[in-house]
């Protein structure tokens, strides 16, 4: 005798705390997904944190009706590093290497935001030569960041060779960083009051090589993607966000400019003598994946233009402020002056004090407005350092952008808003 | 061992099964396509144009842990990521190896704070530690070659 | 360093329109800070968005002023894209009543920033649509950016204590 088959009894809810492992209670989930998910009409799909197209360790909970995304719940924090807490235990100059590791694709932009904020608190005037060198390196950093974006974005959509081309050009830029700072990625080259040292011999040749080769290479990328029908099929009209929504969600950078808002920190609040250079800010109109892609591609040209001008007009002079409160004594002085040696020792152990106050300083990194907010307590260590990460706010708009899209377009949208989880989670 | 001498140049090499398997395993490692932080970018560089990891039989990155033999922990592991990392490790079929790439994965690095696991060896057993913050691609390749040497000497008994 | 010019900010108009909501105006390093109270912060933000065209909430964060009292400050950075102006709004909270109305109704971008403040400082945002931990795992106890939480967790290893630290370390097994 076969056992009597039992009838399938539909449970009250297909979602229980044990099968939704999102660090979330069922009560909270009810606010985020539609009621249809509880009856099993729509499907909840987990994406990440280990997924090749989430650009790091982003986790998404997608509610799908067939192939259409109804709601998207990002779950971040898988790379939460506690950088802001660690800053509280470091002196101001020892904090610079930590900033490299927030947005690790554009370390020099982060350095700039941090040292710029400390300089603002100290009311320091930076020598012009240091400012120009900073501009050159910041623009190279932007190109570096955009190259990794293009490589991974194209790889996600299925263009493998662009990845290899972009990484090839990226090595050229990393060679420049390696020459000036000794490290490929984590340079910590900008110091409070100027630069670590003057640019070494051979710098001009290497930058000139980038300037000579890059325009041809850009043509190659354009040939591969710009009018490629497959590329356009995957990008045009996908992931649209309106101007008003983009502003309301705090989006900045190319992701905002793709929607037609002309906002660039370099133009709006010029720092580092960016107002000495001529460049334009590329602005899109439709706010889709393709326009964001076009904005970034045009920025390559503008960056090259800025570097060319800065190299041509690079002034002579010191690269560090003449203020011994923050600038270490030069090496040759330490050799014969006891006071200089003691002062150097004091600067690297105790550090310099910053007067009590607070300041916010923003730069335009490759992703958008990278800001640094420091609350100083008058001592050598900050009370609070907070980074305004552009990816954090850009990613916040992802549920809004992706609503109603197909699931296959999700990777295109994630790629187009160019997130780096290191700065989202900090 | 006298066989080769007797047969001369007949193209026959004798070896122990252990060595043959070790040799085969060490030259066809499939790493998992899994990056965490800054080191993942250097891992990408290692695979890409200039450094070209496929020279060492490692070009095939698999996105699924079920198909990979080597987990390169590239970057800092947060307390939230730690259970995920262990799950991924448990999903990998044996034999499997782990490289802790960079200072953060090896010992917590500069981030001695509440959020970061102080060394990934608290979660998964590590075979090779690669120093650097982040390690240069050459350093990672050196670490991989070290691992290949280690695999070649592994006794067969260990994996049944 | 060129200092951002905030002279175009008409402070008399703002204080005139908001009246006693602005407790204090601080100008330092070329930045203007409006200090307001917890009860009036929503009015201030709504006025700044609609009346002064500060369309974007650039950032929202919290500062722990321990051992000063009031201990916490919620800091809003506002940005006007059309007028090229920045202003900072600040609200002080005491240690014993860490709650403040949410700004998500006025600026949707405050959503995750407020979740992060809740996560790291334990400040409760009243009326927030989805107030739960964002960067730390749900089971985490405490709020790590408070000053009573130590900065480092592991003893720094030197040659004299390396063996002891290594012996206590929980190494994983296969």
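The residues in the range A:232-275 that are out of contact with any helix residue (DSSP H, G or I) (no Cβ under 8 Å at 6 or more places or on another chain) and closer than 30 Å to residue A:194 by Cβ can be counted, and the count is 5. Only a single item in (1) without any contact (Cβ under 8 Å) to a residue 12 or more places away in the chain; (2) assigned to a helix (DSSP H, G or I) is not met by residue B:113, and it is number (2).
Residues checked against (1) crowded, with 22+ Cβ neighbours inside 10 Å; (2) outside the structural domain of residue A:220 (by TED's automatic domain parsing); (3) at positive phi:
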{"residue": "A:129", "(1), (2), (3)": "no, no, no"}
{"residue": "A:137", "(1), (2), (3)": "yes, no, no"}
{"residue": "A:142", "(1), (2), (3)": "yes, no, no"}
{"residue": "A:151", "(1), (2), (3)": "yes, no, no"}
{"residue": "A:158", "(1), (2), (3)": "no, no, yes"}
{"residue": "A:168", "(1), (2), (3)": "no, no, no"}
{"residue": "A:172", "(1), (2), (3)": "no, no, no"}
{"residue": "A:179", "(1), (2), (3)": "no, no, no"}
{"residue": "A:187", "(1), (2), (3)": "yes, no, no"}
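Please indicate, with yes or no, whether at least one residue in the range A:68-76 is crowded, with 24+ Cβ neighbours inside 10 Å, part of a loop (DSSP other than H, G, I, E, B) and modelled with pLDDT under 90. Yes, some residue in the range A:68-76 is crowded, with 24+ Cβ neighbours inside 10 Å, part of a loop (DSSP other than H, G, I, E, B) and modelled with pLDDT under 90.
Of the residues in the range C:130-139, not one is over 15 Å from the mean Cα position of the chain (by Cα), within 18 Å of residue A:88 (Cβ to Cβ) and touching a residue at least 24 places away in the same chain (Cβ under 8 Å). With respect to being buried (at least 17 other Cβ atoms within 10 Å of the Cβ), in a loop (DSSP other than H, G, I, E, B) and within 12 Å of the chain's Cα centre (by Cα), residue C:145 fits the description.
Look at (1) in a loop (DSSP other than H, G, I, E, B); (2) surrounded by 24 or more Cβ atoms within 10 Å (Cβ to Cβ); (3) more than 7 Å from every other protein chain (Cβ to nearest Cβ) and you find that residue A:93 fails only one, number (2). Residue count for the range B:81-110 satisfying the condition of being at the interface with chain A (Cβ under 7 Å from one of its Cβ atoms) and touching a strand residue (DSSP E or B) at 6+ places or on another chain (Cβ under 9 Å): 2.
Note on the range A:254-373: enclosed helices (runs of 4 or more DSSP H) holding 3 or more residues that are more than 14 Å from chain C (Cβ to nearest Cβ) and without any contact (Cβ under 8 Å) to a residue 12 or more places away in the chain are A:331-334, A:338-349. Among the candidates B:153, B:67, single out the residue that is touching a strand residue (DSSP E or B) at 6+ places or on another chain (Cβ under 9 Å), surrounded by fewer than 20 Cβ atoms within 10 Å (Cβ to Cβ), touching a residue at least 12 places away in the same chain (Cβ under 8 Å) and more than 11 Å from chain A (Cβ to nearest Cβ). Sole residue among the options that is touching a strand residue (DSSP E or B) at 6+ places or on another chain (Cβ under 9 Å), surrounded by fewer than 20 Cβ atoms within 10 Å (Cβ to Cβ), touching a residue at least 12 places away in the same chain (Cβ under 8 Å) and more than 11 Å from chain A (Cβ to nearest Cβ): B:67. The criterion of at least 2 residues that are without any contact (Cβ under 8 Å) to a residue 40 or more places away in the chain, within 14 Å of chain B (Cβ to nearest Cβ) and within 19 Å of the chain's Cα centre (by Cα) is met, among helices (runs of 4 or more DSSP H) falling completely within the range A:96-192, by A:128-157, A:160-181.
Residues in the range A:396-422 that are within 14 Å of chain C (Cβ to nearest Cβ), in a helix (DSSP H, G or I) and surrounded by fewer than 24 Cβ atoms within 10 Å (Cβ to Cβ): A:396, A:398, A:399, A:400.
Being closer than 30 Å to residue A:234 by Cα, surrounded by fewer than 16 Cβ atoms within 10 Å (Cβ to Cβ), under 32 Å from the mean Cα position of the chain (by Cα) and in the same structural domain as residue A:263 (by TED's automatic domain parsing) is true for just one of A:303, A:285. Which residue is that? It is A:285. Restricted to the range B:43-53, and to residues there that are at the interface with another protein chain (Cβ under 7 Å from one of its Cβ atoms) and in contact (Cβ under 8 Å) with a residue 40 or more places away in the chain, the residue that is surrounded by the fewest Cβ atoms within 10 Å (Cβ to Cβ) is B:50. Does residue C:150 qualify as being under 30 Å from residue A:269 (Cβ atoms) and part of a loop (DSSP other than H, G, I, E, B)? Answer is no for this residue.
The values are calculated or read from the model by the stated rules, or taken from the named source; none is laboratory data. Bear in mind that the values here come from a model prediction, so they are computed numbers and not experimental data. When we count neighbours, we look across all protein chains shown, and the Cβ atoms used for this are built from the backbone with ideal geometry, even at glycine.
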